[in-house]
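Here is the structure we will look at.
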Amino acid sequence: MTYVDGFVLPVPEKNIEAYRDMAEAASKIWLDHGALAYKECVMEDGTPSMEGAPEGMTFVTFPQLAGTKDGETVVFAFIVYESREHRDEVNAKVMADPRMKDACPDPDNMPMDCTRMTWGGFKALVDH
């Protein structure tokens, strides 16, 4: 079963292109070091219809989960690995790669607020 690092973060809409540039550079580094897949997805539909859901059931939307403010959208991202051990090996190589300084040249001037990013490692429960 694969292992996934998942991320949810609010990004100012005006910074989406800068975020994309950073993510493109980072994706190459992760894939070069063995990640199986690297996806960065910008929210298109933040309030999908819940028609047909059981009576009284409530949901948390991604904007609520990410704590977006006016002018922000949500990025949902994930990186796929063979296993948690593989993830740890890949991430160690990524963090030691000098290209990371080019991908994220100024940690204090990112296209998003890193302190509001949520992430975690997930072992696959269903994996097709």
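Observations
- For region 55-70, the set of residues classified as part of a loop (DSSP other than H, G, I, E, B), touching a residue at least 40 places away in the same chain (Cβ under 8 Å) and surrounded by 14 or more Cβ atoms within 10 Å (Cβ to Cβ) consists of G67, T68, listed by residue number.
- Hits in region 2-33 (condition: touching a Gly at 6+ places or on another chain (Cβ under 9 Å) and of a type in the set (D, E)): D5, E13
- Residue selection: V90 satisfies the criterion of being surrounded by 16 or more Cβ atoms within 10 Å (Cβ to Cβ) and over 20 Å from Y19 (Cβ atoms).
- A count restricted to region 105-125 and to residues that are assigned to a loop (DSSP other than H, G, I, E, B) and under 15 Å from the mean Cα position of the chain (by Cα) stands at 5.
- Here is the figure for region 55-71: residues that are under 20 Å from N15 (Cα atoms), at pLDDT below 95 and of a type in the set (S, T, N, Q) total 1.
- Within region 24-45, restricting attention to residues that are within 11 Å of the chain's Cα centre (by Cα) and closer than 23 Å to D70 by Cβ, the residue that is surrounded by the fewest Cβ atoms within 10 Å (Cβ to Cβ) is C41.
The values are calculated or read from the model by the stated rules, or taken from the named source; none is laboratory data. All values derive from a computational prediction rather than experimental measurement. In this analysis, Cβ positions are derived from the backbone assuming ideal geometry, glycine residues included, and neighbour counts consider all displayed protein chains.
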